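Asker: My questions will all concern the structure given below.
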Amino acid sequence: MAGGWAKDGAVGEQIEASINDELARLRSLKKPVGDSLTHCAECDEPIPEARRIAIAGVKLCIECQSERDGRQVMRGGINRRGSKDSQLK
């Protein structure tokens, strides 16, 4: 049962649309391809051979990649609700 001007099932549709948007964003991320570097592009330390074989096109050593993965990336969200309460959060 929907309330106000929303039709029945509107909340489910909004949730599904948000999930589909995020999946599309994740699928569009570039994955490394090509030859792997023998030394890290940031710190110039040798990259272990097992890592180069496991991940095609690797450019960073484990330490530099871990540091980069730990950084928070700010992304703007989409307010699908449009209600006053959702805009105040």
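Asker: Enumerate the pairs (first residue in segment 36-60 and of a type in the set (Val, Ile, Thr); second residue anywhere and in a strand (DSSP E or B)) with beta-carbon separation below 7 Å, excluding pairs fewer than 6 apart on the same chain, so at least 6 apart or on different chains.
Answerer: Thr38/Pro46; Ile47/His39
Asker: Check segment 36-49 and report whether any residue there is assigned to a helix (DSSP H, G or I), surrounded by 10 or more Cβ atoms within 10 Å (Cβ to Cβ) and at pLDDT 90 or above. Give the steps one after another, and end with the answer.
Answerer: Looking only at segment 36-49, we keep the residues that are assigned to a helix (DSSP H, G or I), and these are 49.
Next cut, surrounded by 10 or more Cβ atoms within 10 Å (Cβ to Cβ) only: 49.
Within this subset, residues satisfying the condition of being at pLDDT 90 or above are 49.
Checked segment 36-49: at least one residue is assigned to a helix (DSSP H, G or I), surrounded by 10 or more Cβ atoms within 10 Å (Cβ to Cβ) and at pLDDT 90 or above.
Asker: Next question, about the same structure. Taking the conditions exactly as written (at positive phi, under 24 Å from the mean Cα position of the chain (by Cα) and modelled with pLDDT of 80 or more), does Gly12 satisfy them or not? Talk me through it step by step, then tell me what you get.
Answerer: Working: at positive phi: no; under 24 Å from the mean Cα position of the chain (by Cα): yes; modelled with pLDDT of 80 or more: yes.
Here the answer is no, as Gly12 does not meet what is asked.
Asker: Next question, about the same structure. Restricting to segment 15-35, and then to whatever is of a type in the set (Gly, Ala, Ser) and outside any helix (DSSP H, G or I), can you tell me which residue is modelled with the highest pLDDT? It would help to see each step written out before you state the result.
Answerer: Residues of segment 15-35 of a type in the set (Gly, Ala, Ser): 17-18, 24, 28, 34.
Remaining after also requiring outside any helix (DSSP H, G or I): 28, 34.
Numbers: Ser28: 80, Gly34: 73.
For segment 15-35, the residue satisfying everything is Ser28.
Asker: Here's a follow-up. State whether the residues of segment 63-80 include one that is modelled with pLDDT of 85 or more and either among the aliphatic types (A, V, I, L, M) or assigned to a loop (DSSP other than H, G, I, E, B) (or both).
Answerer: no
The values are calculated or read from the model by the stated rules, or taken from the named source; none is laboratory data. Keep in mind that what you see is a predicted model, and the values were worked out from it rather than measured. Glycine also receives a Cβ, built like all others from the backbone with ideal geometry; neighbour counts cover every protein chain displayed.
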